[in-house]
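Written out below as structure tokens is the structure these notes cover.
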Amino acid sequence: MKILIGITVDLNNYEDYFKRFNNKYGCSAIEFHLLEKDLGKGFHEKLKKVKGFIKANGIRHVSFHSPDRVLQSVLFEEKSAYLEADKEKLMLLMDSLKKLADDIGQEIIMVFHQGIKLPSKEVDSMTSEELAGLRKLLLKKAKQSYDWLMSKASGSKLSPMLENSPPMSAGDGNYHVLDMAFEDMEERIGNNGFVLDISHAAMCIEYYKQSQKQGKISIPALDVLKGKSGKIPESLHSLESYVTKAKHNIKWIHISDANGIMGENEGLPIGAKGSIIDFKSLLRCIEKEIKSPIGVLEIANAHKDYSLIGNSMDSLLKING
Ligand SMILES: [Zn+2]
């Protein structure tokens, strides 16, 4: 496979998971998923260990996924009692990652979301004009906070990268209202790289495919994206269309399967029953359109069960032939 495939890990399991994956398939890309509780005392020490690990194993492509709530709180300056504490956590994260990147002398990616989660009830009670207006305001705010975040990393080897959003948040069933289509992010990211999450994009595409069906659930922000003309944004015509449109910006790929549009349908092992993704066609497109594609298997619950990762890699290799 031309696409370089690695794994997602956490600060507890990375040595074990890397060893198992690397022994069988080779592994030169790794993404650390951070929890809020990681961002406190002891974070520096943990990263020191990570530094030694990256160097010892010569891992060339490294990213850290930042905790969603902290980033959303700071980037949208929510009126939360935690805002000051969250700012501190974000600065600890960025300063530590900058130092790590400098120490190992290579780029470190910091993955973050700006999809902004809103309670379903709140969104459902809005008219489409109201939601379109709110999205406009939030997109403006997202641009300002994106620029601020990038400025905090400038001059270092740390590359913050935005990730595209799924229709709903997997944890709590809240709606996302931004960043489902590449068109939402295009202006904000300019020439910067971003993280394409395959199952997030697939779920948004599937929503429009299903929208003719009776009794379908409604995702207001995806309906609003069609605007008055009723046209689906180009990036959401198909996964191949998404990749082709965003190819110059795609610098990191989250790979997982999906079999529907709800939170529980995302992040599945490759080859999941009822899959909505044609991986053969997608991989071909990625390898044709993107210069040096790098992806990590981001499978839900894999931190509790390594076999979800191993089986996914086997499936991908089989699909690719
Ligand atoms: Zn992802």
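The values are calculated or read from the model by the stated rules, or taken from the named source; none is laboratory data. Computed from a predicted structure; not experimentally measured. Cβ: placed from backbone, ideal geometry, glycine included. Neighbour counts: every protein chain shown.
Here is how the numbers come out for the structure above:
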read-out: Count of residues meeting criterion [surrounded by 15 or more Cβ atoms within 10 Å (Cβ to Cβ), over 14 Å from the mean Cα position of the chain (by Cα) and either of a type in the set (D, E) or under 25 Å from L97 (Cβ atoms) (or both)] in region 113-142; value: 3
read-out: Residue match in region 87-107 (condition: within 20 Å of the chain's Cα centre (by Cα) and either hydroxyl-bearing (S, T, Y) or outside any helix (DSSP H, G or I) (or both)); value: yes
read-out: Residue within region 240-257 that is part of a loop (DSSP other than H, G, I, E, B), β-branched (V, I, T) and either at pLDDT 95 or above or in contact with a Leu (Cβ under 8 Å, 6 or more places away or on another chain) (or both) present; value: no
read-out: Residue match in region 73-95 (condition: among the polar types (S, T, N, Q) and modelled with pLDDT of 95 or more); value: no
read-out: Criterion violated by F64 - all others in (1) free of Cβ contacts under 8 Å to residues at least 24 places away in the same chain; (2) within 16 Å of the ligand (Cβ to nearest atom) satisfied; value: (1)
read-out: Per-region count, region 280-292, residues more than 16 Å from the ligand (Cβ to nearest atom) and either closer than 19 Å to G26 by Cβ or buried (at least 19 other Cβ atoms within 10 Å of the Cβ) (or both); value: 5
read-out: Cβ pairs under 9 Å, 6+ apart, first in region 104-118 and more than 15 Å from K251 (Cα to Cα) and among the small types (G, A, S), second within 13 Å of the ligand (Cβ to nearest atom) and in a strand (DSSP E or B); value: G115/E163; G115/H176
read-out: Tally of residues being in contact with a helix residue (DSSP H, G or I) (Cβ under 6 Å, 6 or more places away or on another chain) and more than 23 Å from G58 (Cα to Cα) across region 93-115; value: 3
read-out: Residues being under 11 Å from F194 (Cα atoms) and of a type in the set (A, V, I, L, M, F, W, C) - total across region 240-255; value: 4
read-out: Which listed residue, of S169, S154, S211, S235, is at pLDDT below 95 and more than 16 Å from the ligand (Cβ to nearest atom); value: S211
read-out: Test for G260: is it out of contact with any helix residue (DSSP H, G or I) (no Cβ under 6 Å at 6 or more places or on another chain) and either within 28 Å of H65 (Cα to Cα) or within 16 Å of the ligand (Cβ to nearest atom) (or both); value: yes
read-out: Of residues in region 293-309 being assigned to a loop (DSSP other than H, G, I, E, B) and aliphatic (A, V, I, L, M), the one surrounded by the fewest Cβ atoms within 10 Å (Cβ to Cβ); value: A300
read-out: So M110, is it under 30 Å from V296 (Cα atoms), modelled with pLDDT of 95 or more and not in a helix (DSSP H, G or I); value: yes
read-out: The lone exception for G115 - which of (1) out of contact with any Phe, Trp or Tyr (no Cβ under 6 Å at 6 or more places or on another chain); (2) in a helix (DSSP H, G or I) it fails; value: (2)
read-out: Odd one out for N259, checked against (1) free of Cβ contacts under 8 Å to residues at least 12 places away in the same chain; (2) under 16 Å from S199 (Cα atoms); value: (1)
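Quick grid of which residues meet (1) under 14 Å from the mean Cα position of the chain (by Cα); (2) surrounded by fewer than 15 Cβ atoms within 10 Å (Cβ to Cβ); (3) within 16 Å of the ligand (Cβ to nearest atom); (4) in contact (Cβ under 8 Å) with a residue 40 or more places away in the chain:
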{"position": "E187", "(1), (2), (3), (4)": "no, yes, no, yes"}
{"position": "D197", "(1), (2), (3), (4)": "yes, no, yes, yes"}
{"position": "H200", "(1), (2), (3), (4)": "yes, no, yes, yes"}
{"position": "L225", "(1), (2), (3), (4)": "no, no, no, yes"}
{"position": "G230", "(1), (2), (3), (4)": "no, yes, no, no"}
{"position": "L239", "(1), (2), (3), (4)": "no, no, yes, yes"}
{"position": "T244", "(1), (2), (3), (4)": "no, no, no, yes"}
{"position": "K247", "(1), (2), (3), (4)": "no, no, no, yes"}
{"position": "K251", "(1), (2), (3), (4)": "yes, no, yes, yes"}
